[in-house]
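Please read the structure below before turning to the comments.
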Amino acid sequence: EAGVAQSPRYKIIEKRQSVAFWCNPISGHATLYWYQQILGQGPKLLIQFQNNGVVDDSQLPKDRFSAERLKGVDSTLKIQPAKLEDSAVYLCASSFYGGELFFGEGSRLTVL
Amino acid sequence: DQQVKQNSPSLSVQEGRISILNCDYTNSMFDYFLWYKKYPAEGPTFLISISSIKDKNEDGRFTVFLNKSAKHLSLHIVPSQPGDSAVYFCAAPSYNTDKLIFGTGTRLQVFP
């Protein structure tokens, strides 16, 4: 069974530039999560989707971050404009209606 | 407000010995806890969980103990193996949701 796919694996940008990350969850998983993991910290939930609807985006910095899951399958997380403190690993995870989470390998962002 | 805390950022253990990783929580409404393991450049993977109706759950070399009165849980790995070297996160679903709140992680190094 294919796992959660994420791309790109690594991205380096300058502050004020924009970046987008893509995630394709495990087939059949209705729930999709984006987590941000800053070095030395645990993953923090940014946004949770159930199918194509947002369940929780309370910790998403909406002035610069946006995410969508238009057809209820893959998802895109965008940051525009990026700040230095956005340097982190962005983890996508999926689950079958809130069961066990399966994480992708993550997208490491460095903002210079 | 760090609701799930792992106060030891790192732990070094000799192969064959016991590894004990600790986790404290502040929210008495948490009723389910999970441990995730993370290798470098990979996403976290689920390791073991425990429900608050139990005080112990065992799976092979891994045992999780829960002390509800102390709001403390621990993960025991016996015997420790070099392949166990990773970062371990404890996590708990936020009350009445499946949003996982992660601790800051403990980096375990098992040396020969």
Label-to-label distance, nm, for residues given as residue B:76 and residue B:111 (7 Å Cα→Cβ offset): 2.5
Binned at 10 Å from zero, the C-alpha pair distances of segment B:1-65 give percents of 16, 48, 32, 4
Evaluate peptide B:32-43: per residue, the Cβ atoms of other protein chains within 10 Å of its Cβ; return the mean as an integer. 3
For chain A, treating each Cα as an identical point scatterer without solvent, what Debye log10 I(q)/I(0) comes out at q = 0.12, 0.13, 0.20 1/Å? -0.36, -0.42, -1.01
Report P(r) for the protein assembly as shown: all Cα-Cα distances, bin width 10 Å, range 0 to the bin holding the largest distance, values in whole percent. 8, 33, 35, 20, 5, 0
Using the Cα atoms as the points, what is the convex hull volume per residue of segment A:70-112 in Å³? 87
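How about segment A:1-85: which trypsin sites (Lys or Arg not before Pro) there are in a DSSP loop, with at most 14 other Cβ atoms within 10 Å of their Cβ?
Working: sites: A:9, A:11, A:15, A:16, A:44, A:62, A:64, A:69, A:71, A:78, A:83; in loops: A:9, A:15, A:16, A:62, A:64, A:69, A:71, A:83.
Passing sites in segment A:1-85 are A:9, A:15, A:16, A:62, A:64, A:71, A:83.
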If the cut-off is 19 Å between C-alpha atoms, which lysines fall inside it for residue A:62, apart from same-chain ones fewer than 8 positions away? A:15, A:44, A:78, A:83, B:99
So what is the orientation-averaged projected area of chain B, using the convex hull of its C-alpha atoms, in nm²? 6.8
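Read-outs: derived from the displayed coordinates by stated rules, not from any lab. These numbers come from a predicted model, not from an experiment. Heads up, the Cβs are rebuilt from the backbone with ideal geometry, glycines too, and the neighbour counts pull from every protein chain shown.
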